Amino acid sequence: MSVQAVDLRLLRWMRTLPHAPLGDRLLRWSSQATDHGHGWVALTAAGALIDRRRRWRWLRALAVLAGTERAGRAIKHVTGRRRPRLAGLRPLAPTPGPLSFPSSHTANAVAAALVLPPLLPAAPLWAFAGITAASRPYLGVHYPSDVVAGWALGEALGRLARCAAGVDRRSVDRFACPGGELTRAVARRTSSYETSRRLREHPERPHVAQIGKADRGDLGLRRHDARDVLEDDTPRTLLSSF
C-alpha cells in the first residue's frame, strides 16, 4: 500500500469519527482564530504591551511565531499539495487557502509550546498543540502527513530558537544546535533585562545563588556563567535576535 493510500485511509477514518456539534464549533473557532498565525501574533503582542518587565521575551516569541508561519507558507507554495477532498465528506472548517502541506496551524502551535514558556504555562500549550494537530484531519482540512510535517517544522524552528537564545542548554551541550560553541559563548555573555536591572540596582553584586534557578534556566546560564555576568559592571546586551 502506498504512502498516499495510507494517508487517505487515515484521513477518512479520522474524519468519520463521532462528532459533537459543540466540539466541532469550538475546533472551528480555534482554527479560524489561529489562521495565518494571527491569534499567536495577537497574544504575544498583547503580552509585550502588558508585561513590560518581560517585553523582549514576548517580542522574541512573536518573531519566532511569525517566522514559523512564513516558513510554513513558503513550503506550501513549493510543494503545491492541494487540500483533501473526500467524496461525501465536506470539510468542517473554513481554510485560509487551498494548499495543504505542511499544516501551519500545527507548526505554529508546536513552536508556541516551545518558545512561550515560561511566559505561559507549558502544559496547556502542549495540550493545545496536540488538540490542534489531531483536529486538522478530524475536521477534514489536512492529510495526516501534513500534520506530521507541520509538527516537525514547529519543533525544529522552536528548538532552534531556544538554542539561539541559549535557553535549551541540553541541546547546546550536545551540539544539537547549529554553531553550538558560538551559542554557548553567547549564552554565557548574555543577560536579560531583569538581570541587568538587578545589577544596576544592587551594586554590591549579590552572590550568584540570589539569581533564581528559573532566571538562570531562562537565560541558559550555568552557575559559573551567571558569576561571570555578576563580575562585570557593564550590563550585557541581549545578543540573540530573531
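Taken together, the values in this text are just the output of simple stated rules run on the coordinates, not laboratory data. These figures come from a predicted structure and were not determined experimentally. A quick note on method: Cβ atoms are made from the backbone with ideal geometry, for glycine too, and the neighbour counts reach across all protein chains shown.
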Restricting the search to the range 34-75, which residues are more than 18 Å from ALA109 (Cβ to Cβ) and of a type in the set (Val, Ile, Thr)?
-> ILE50
Condition test on ALA5, is it among the aliphatic types (A, V, I, L, M) and within 18 Å of ARG85 (Cβ to Cβ)?
-> yes
Boolean, LEU11 is within 16 Å of TYR143 (Cβ to Cβ) and either part of a helix (DSSP H, G or I) or of a type in the set (Phe, Trp, Tyr) (or both) | yes
Helices (runs of 4 or more DSSP H) lying entirely in the range 97-170 (those with 3 or more residues that are surrounded by fewer than 21 Cβ atoms within 10 Å (Cβ to Cβ)) = 122-138, 144-164
